[in-house]
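The numbers here are math on the coordinates, done by the rules we state, and not lab data. As the structure is a prediction and not an experimental result, all values here were calculated from the model. Reconstructed Cβ throughout: ideal geometry from the backbone, glycine too, with neighbour counts over all protein chains shown.
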There are 2 protein chains.
Amino acid sequence: MKPINVGLLGIGTVGGGTFTVLERNREEISRRAGRAIAIAVVADKDLKRANAIVNGRAKVIDDAMAVVDDPNIDIVVELIGGTGISKQLILKAISNRKHVVTANKALLAQHGNEIFAAAQKNGVMVAFEAAVAGGVPIIKSLREGLAANRIEWIAGIINGTSNFILSEMREKGASFDDVLKEAQALGYAEADPTFDIEGVDAAHKLTIMAAIGFGIPMQFSAAYTEGISKLTREDIQYAEDLGYRIKLLGIAKRKANGIELRVHPTLIPTKRLIANVEGVMNAILVKGDAVGQTMFYGAGAGAEPTASAVVADLIDVARTMTADPEHRVPHLAFQPDQLSDIAILPMGEVETSYYLRLRVHDKPGVLADITRILADLDISIDAMLQKEPNEGEAQADIIMLTHRTIEKNVNAAINKIEALPVVAGKVTRIRLEVLDK
Amino acid sequence: MKPINVGLLGIGTVGGGTFTVLERNREEISRRAGRAIAIAVVADKDLKRANAIVNGRAKVIDDAMAVVDDPNIDIVVELIGGTGISKQLILKAISNRKHVVTANKALLAQHGNEIFAAAQKNGVMVAFEAAVAGGVPIIKSLREGLAANRIEWIAGIINGTSNFILSEMREKGASFDDVLKEAQALGYAEADPTFDIEGVDAAHKLTIMAAIGFGIPMQFSAAYTEGISKLTREDIQYAEDLGYRIKLLGIAKRKANGIELRVHPTLIPTKRLIANVEGVMNAILVKGDAVGQTMFYGAGAGAEPTASAVVADLIDVARTMTADPEHRVPHLAFQPDQLSDIAILPMGEVETSYYLRLRVHDKPGVLADITRILADLDISIDAMLQKEPNEGEAQADIIMLTHRTIEKNVNAAINKIEALPVVAGKVTRIRLEVLDK
């Protein structure tokens, strides 16, 4: 069969990895795909960098739009990132009836509905395995491998930077700021780490997984996003003492009245497998009604792990590009006219358990006041840890774990507790998930 | 689009689960597949059992061959098991140009080459996600999700019965025989548990994964198979003391001179994620050259988890049945004319580390004799644990962990050590894998 000609837009970390993997595993890949897959053109603004990597093995130009318009190109791989020029390029490639492979989670989470509709209209595929959890084939698993299931929930460690920071904070008893600097020095965190540490990147990925799992449109703007930058080493230690580990989780859950879609630090029982996923690794738990709990684990970022997903998509697209569009796997797992309009729940309606840490004056009756407030709001306590005041201090920490309750009740309780004269400062609130069913 | 008519052969545990899942998730499944998938006929020798489950929602007959010959049936699902009648039925279905979905690992591991060749010749698909690790989409992940990679090794907990027994032995300090009885009472082990506890079932699954991972024919007869029935609670405890957990692993590894294909109890460092997979759960580590280590985890057996895989295959086949055969994913991941003839290595050539337990008379010079034998065979010791003799006994246990070495050297060392007059009885030998790269 004739080889597939690929146009690569952007040859940075992932683009370079894609070039390398396609070259190194050329024989293995064509043994699988039944035809050769070759990068014919690379477009990058930095011609010097691009030429250094490509080294004469493909054409190198600086005009990405020329690749998208090139009639010899069968599949366009977009690895530029961002939501500006990359969106224009992808839409143009689609209107030129070219298939697209992309790792661009920000773009898909925010403009995926428009992009998939255009792809559908033009009979082409937009493949995006690399957009979530690097080389872990979670998109394919959710969309095809678990297609028999009604997906009940998805919970994932899907930001390696945050997970690395939390692992280091726990293992070394270090502060967030110190570990962030270490992560930046190691190249695990960007100079501006906001997207990673404030949960935005995880929310992009969660939005995509939720769309596929539940058959809903992309709704990034409805996702609740809270990062790890306010976590203290004390909370991490108290959680450990209580048998829990704190992870930044992206959680999407189907409820009777809507979908929960939220990213936040989460206490998980230490004995759960996913609580033991450390460093920059990613892992996603998927609960299906037939299969039960499954977990998918691997490197969530990096040149070659992400390239592994990009190239797998290239092989997939190469296999099905001549098939009828109606026989292809739908972009969002469900047929485009079969998406559900079930609403994303506001955060106040979310149901989960809570870790609450309060700093109180060591006086009689303090606990009675606090537990009364909780009881009045129907919040029951699962575990409590009262620390003695430090030498020479008059205030002590109280940590409470609640049973499952509605977030707005917890918010109301926190407001009342903070108003008590015996309570000093703000209540620290971290959500807790048992993930047992 | 016209609905897909499925003929179900065998409605035992997995067949019943398949019927249930297709019914319950009918709407979800057709939203994904773009068409209805319905079981039109069920064939089972036990008409009473079949009718009780089907309850009028499909035709029930006792003649499986009539289903295979029924021109209205598009896909045959074989859930009878075994290698006798099921093989005839599948080959007949294929020659009638029907697609086949099966969970039959024993059949595929032993006769897969013949079956896939027949399917290829007749332009039909034989799908078998359910044959390995129940609902975990490991076949799809290996074949498609990781298709960009040169697979380096696969190591899996792929027999839930064995893993349950090992978990219970460790947690309760119980003997193999006692836990086996418990497992039988709970329905986790068969009345004749040989296939599970002696590693045969795991070797079937490993054979299939190795074929897909490395692009080789099925070679079950070349797999080394050792089960868990000789493991003692003492060895499990000693392993724990040294920081290791014992699991029955199926390991397939690509080496320069061949493929290692082996099932045996294996010490794994306790801090590895896969060491913490407990009970009846399955987990498979896959190491690819681009993606690094990935892990796939979930229920490896049971009615609905296995049905999850059967139904996912039905959806896959329904999607691609009208596509050109040359555009389908090849049965063994690689194009049929592109399989490799790389040999399976004999067990003596396998390279791994070892746990050795010796019972020695507590006399001077014992250790010198033993370590000299090891040194002469180029086997170096990584860790050692010498226990004091129990009160009133003259013999003590010595446990040694070796660095990586070739199995035939260890065999030679064991023979020499057992011949020493100070060594009592046989040396216990359990293989050890660090699984770190």
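Helix B:407-419: angle to the longest alpha-carbon principal axis of chain B, degrees 0 to 90, nearest 10?
Taking Cα atoms only, the helix is inclined about 40 degrees.
Take the Cα radius of gyration of the range A:310-380 and divide it by 2.2 N^0.38 Å, with N its residue count; two decimals is plenty.
Taking the Cα Rg and dividing by 2.2 N^0.38 Å, one obtains 2.36.
Would you mind estimating how fast the range B:284-437 diffuses translationally, via Stokes-Einstein at 37 °C and 0.692 mPa s with the Kirkwood radius over Cα pairs, in µm²/s?
D, rounded to a whole number, is 162 µm²/s.
Using only Cα atoms and rounding to the nearest 10 degrees, what angle (0 to 90) does helix B:85-95 make with the longest principal axis of chain B?
Tilt of helix B:85-95: around 50 degrees.
Need one value for B:138-145: mean number of C-beta atoms belonging to other chains within 10 Å of its residues' C-beta atoms.
Counting Cβ atoms of other protein chains within 10 Å of each residue's Cβ and averaging gives 6.
I'd like to know how chain B sits against the 2.2 N^0.38 Å rule of thumb: what's its Cα Rg over that expected value?
My calculation over the Cα atoms of chain B gives 1.08.
Would you please calculate the Kirkwood hydrodynamic radius of the range B:1-70 over all C-alpha pairs and express it in Å, rounded to one decimal?
12.3 Å
May I have the count of lysine pairs in the range A:138-299 with C-alpha atoms under 23 Å apart, counting pairs 8 or more residues apart or located on different chains?
Lysine pairs meeting both conditions in the range A:138-299 amount to 22.
Please quote Rg/Rh for the range B:135-187 to two decimal places, taking the Kirkwood radius as Rh and restricting both calculations to Cα atoms.
Ratio of gyration radius to Kirkwood radius: 1.21.
Residues of B:22-29, mean number of Cβ from any other protein chain within 10 Å of their own Cβ, rounded to a whole number? Don't skip to the answer; put the middle values down first.
On the way: counts 2, 0, 4, 7, 0, 2, 11, 4.
Whole-number average of other-chain Cβ neighbours for B:22-29 is 4.
Show me the ranking of peptides A:131-143, B:377-389 by mean Cβ neighbours inside 10 Å, starting with the highest.
A:131-143, B:377-389
Taking the number of other C-beta atoms within 10 Å as the exposure measure, put B:Val6, A:Val350, A:Val422 in order starting with the fewest.
By the 10 Å Cβ count, ascending: A:Val422, A:Val350, B:Val6.
Between copies, how far apart are the B:Glu393 label points? List them in nm, one decimal, shortest first, with each point 7 Å from Cα toward Cβ, please?
The answer, with the shortest distance listed first, is 5.1 nm.
Please compute the Kirkwood hydrodynamic radius over the range B:281-331, one decimal place, Å, based on all pairs of different Cα atoms.
Details: mean 1/r = 0.0743 Å⁻¹.
Value: 13.5 Å, from the Cα pair sum.
Counting other beta carbons within 10 Å of each residue's own, what order do A:Met125, B:Met347, A:Met1 fall into, fewest first?
On the way: A:Met125 25, B:Met347 18, A:Met1 12.
Ranking A:Met125, B:Met347, A:Met1 by Cβ neighbours within 10 Å, fewest first, gives A:Met1, B:Met347, A:Met125.
Using amide H atoms built 1.01 Å from N in the peptide plane, name the residues 5+ places from B:Gly292, or on other chains, whose amide H lies under 5 Å from its own.
Those lying under 5 Å, H to H, from B:Gly292: there are none.
Which aspartates and glutamates have a Cα lying under 16 Å from the Cα of B:Lys2, excluding residues fewer than 8 positions away in the same chain?
The qualifying aspartates and glutamates are A:Asp324, A:Glu326, B:Glu27, B:Asp74, B:Asp316.
Per the Cauchy relation, a quarter of the hull surface: what is the mean projected area of the convex hull of the alpha carbons in the range B:33-110, in nm²?
Averaged projected area of the range B:33-110's Cα convex hull equals 5.7 nm².
Sort shortest first the distances from A:Gly258 to its counterpart in every other copy, using label points 7 Å along the Cα-to-beta-carbon line, and give them in nm.
Distances between equivalent label points, in nm: 6.3.
What do you get for Rg/Rh over the protein assembly as shown if you use C-alpha atoms and the Kirkwood form of Rh? Walk me through the numbers on the way to the answer.
Numbers: Rg = 28.5 Å, Rh = 28.9 Å.
That ratio is 0.98, to two decimals.
Compute the distance from the alpha-carbon center of the range B:138-175 to that of the range A:313-375, in whole Å.
First find each Cα centre; the distance between them is then 29 Å.
So for chain A: antiparallel DSSP bridges make up what percent, rounded to the nearest 5?
Of the beta bridges lying entirely in chain A, close to 70 percent run antiparallel.
Ranking B:Val76, B:Val54 by Cβ neighbours within 10 Å, fewest first, what do you get?
With the sparsest Cβ surroundings first, the list reads B:Val54, B:Val76.
Could you run the Karplus curve 6.51 cos²θ - 1.76 cosθ + 1.60 with θ = phi - 60° over the range A:17-29 and give me ³J(HN,Hα) per residue in whole Hz, x for Gly and Pro?
Karplus-based 3J(HN,Hα) across the range A:17-29 equals x, 5, 4, 4, 5, 4, 5, 5, 9, 3, 6, 4, 5 Hz.
Give, in nm to one decimal, the length gained when the segment between A:His403 and A:Asp241 is fully stretched (0.36 nm per residue of separation minus the Cα-Cα distance).
Full extension from A:His403 to A:Asp241 adds 56.5 nm.
Roughly what % of DSSP beta bridges within the protein assembly as shown run antiparallel, to the nearest 5? Intermediate results must be reported in sequence, preceding the final value.
Working: 106 of 154 bridges.
The antiparallel fraction comes to roughly 70 percent.
Per the Cauchy relation, a quarter of the hull surface: what is the mean projected area of the convex hull of the alpha carbons in the range B:139-298, in nm²?
Convex hull of Cα atoms, orientation-averaged projection: 9.4 nm².
Can you pull the mean other chain C-beta count within 10 Å for peptide A:272-279?
Per residue, the number of nearby Cβ atoms from other chains is 3 on average.
Over the range B:347-432, what lengths in whole Å, largest first, do the semi-axes of the equivalent ellipsoid take, defined as the square roots of 5 times the eigenvalues of the alpha-carbon gyration tensor?
For the range B:347-432, the semi-axes come out at 22, 13, 11 Å.
Taking a label point 7 Å out from Cα toward Cβ, give me the nm distances from B:Ile381 to the same spot in the other copies, shortest first, one decimal.
5.5
With θ set to phi - 60°, apply the Karplus curve 6.51 cos²θ - 1.76 cosθ + 1.60 along the range B:291-307 and write out the HN-Hα couplings as whole Hz, x wherever there is a Gly or Pro.
The phi angles translate into 7, x, 8, 10, 9, 10, 10, x, 6, x, 7, x, 4, 6, x, 5, 4 Hz.
Per residue, how big is the convex hull of the range A:191-267 when only Cα atoms are used? Give it in Å³.
It is 105 Å³ per residue.
Is it possible to state the helix-based mean residue ellipticity at 222 nm for chain A, with each DSSP H run of 4+ residues giving -39500 (n - 2.57), the sum divided by total residues, to the nearest 500 deg cm²/dmol? What is it?
-11000 deg cm²/dmol
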